[in-house]
1. Using only the C-alpha atoms of region 202-271, find the volume of their convex hull and express it per residue in Å³.
2. Take every Cα-Cα distance within region 134-184, group them into 10 Å bins from 0 onward, and report for each bin the whole-number percent of pairs it holds.
3. Hey, what's the Cα Rg ratio for region 78-174 versus the globular rule of thumb, 2.2 N^0.38 Å?
4. State the Cα centre-to-centre distance between region 30-98 and region 264-320 in whole Å.
5. Can you bin region 112-261 into rounded, prolate or oblate? Criterion: square roots of the alpha carbon gyration tensor eigenvalues sorted a ≥ b ≥ c, rounded for a/c under 1.5, prolate for a/b above b/c, oblate for the rest.
6. Amide H of Phe190: which non-local residues (sequence gap of 5 or more, or other chain) have their own amide H closer than 5 Å, using H built in the peptide plane?
7. I want to check the label-to-label distance for Thr318 and Leu258. Put each point 7 Å from Cα in the C-beta direction and report it in nm to one decimal.
8. Quick one: what are the phi-derived ³J(HN,Hα) couplings along region 90-103, Karplus 6.51/-1.76/1.60 with θ = phi - 60°, whole Hz, x for glycine and proline?
Amino acid sequence: MLKNRLLLVVLHLLCGFFLTLSFIPKLVAILVMFYAIVDITKSKNDNHQAFLWASYFVSAEVLLRMTGGTISWEMVKYVTIIFLSIGILVERQSREFPVLFWLYILLLLLGISFSEIPAGESLRKAIVFNLSGPITLGVSAMYFYRRVVDYHRFKEILFFSLLPILSMLTLLYFRAPSLKELTFGSSANFVASGGFGPNQVSTALGFGLFLFATLLLLRGKITGFIYIDIFLLFYLTYRGLLTFSRGGMLTGFLAFVLFSIFYLIGKHKLVSLFKYLGIMSLFFLTIWLYSSNVTGGRLSNRYLGKDYMGVQNKDITTGRLAIMRDQLNAFLEHPFFGLGVGSGKYSRLDEYDQTITIVSHNEITRLLEEHGLIGLFSLLLLFYAVMDNFRQQDIRYKGFVLGFATLWFLTISHSAMRIAFPGFVYGLSLIRFYDSEDKEDDHLIPLAE
């Protein structure tokens, strides 16, 4: 078992190098996708194969986009919807029909009838861009709503989800230049992000940080060798900080802190809580000081909202607050049905520039702007489902609900729903856990049959 886990880690680290070859990523993605569909169908989803493969592709989405491995830009959202839908259709057990989330999807689709897209622009693209993420969330929520998952199988799937992010580390090592060639300023760094969008890379690495730290807390070891684990976690955090995109890393860190507090309290391990948080704080402080030093102190300026010279910026959100104010004003002007799906960014043409559309980074204010009170009601439905699951969850597992809900909420607050991750991870906050063993196992159970 130890060799299997270590072998999977090594294979995925090597995979990061081979994905730099132009023809490999798309071929690998298609082959794995077809294998996953066969696995889900053949197994009748009896061991949560749909969950396993959907989580794997969600973790790999940014990596596939970086390497040209996607057939279409929104491919992983479609794949997530397909995997989870197949899982629901083929599984033997009957489950409760989640009317709540059918209502959520139907309410959002209603906003299409109010869309006003300028001549020459594609209504289809506007709808896909703005609704593919929320619909992914709706399908994910329908799949996971009150779904009972064995705690040990769940930890195995978390490990499996981490593997594509390890491949990203290797890719970044080969794609990004050496430190001597990097220039750090006061904005997100595309070069350090492997030439791809720092916001999405940071989001993926922040999720990796959460998974890695969580698995270390639950398992004690990931690869089987604690020094290898520490090195990988150090390098993952280091690469995430170098993107200079704050949202993803802060989200992963805060979600883990909340999870660990509730998890250890639920286990009645207050002494372990202070000891573990102390060790992790020292660990992350060391990484922070090292990373800040190699960037000449500009990393600290970036996170404190200062410019290149260390002067405090008036707006530490790099323009996001101005967009949010416009969206709230639009909501007040069109409170019932909003501006319509995809119409929000075009409403900001006159104020900013006649040729540049300003896209929302906050899904909450986008829902208010484009869907009005219907959007607000949809949000309330999502919060209600999470709070209801948190209330009914066994105290030992409340930390998972809170951790995944935090990942969802903070991600949509700084990066909207550009990728499948926030919609999928929202679904994880609705899982009902049970422990198939009387005592906690010290080893991960075998991966997919």
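Only the coordinates and a few stated rules stand behind these numbers; no lab work does. This is a predicted model, so every value here is computed, not measured. Neighbour counts run over all protein chains shown; Cβ positions are idealised from the backbone, glycine included.
1. It comes to 80 Å³ per residue, whole-number rounded.
2. In order of increasing distance, the bins hold 19, 26, 26, 18, 11, 0 percent.
3. Against the compact-globule rule of thumb, the ratio is 1.43.
4. Rounded to whole Å, the Cα centres lie 35 Å apart.
5. Judged from the Cα gyration tensor, region 112-261 comes out oblate (a/c at least 1.5, b/c at or above a/b).
6. It is none; the list stays empty.
7. With each label placed 7 Å out from Cα toward Cβ, I get 2.3 nm.
8. 8, 5, 6, 6, 7, 10, 5, 7, x, 4, 3, 8, 5, 4
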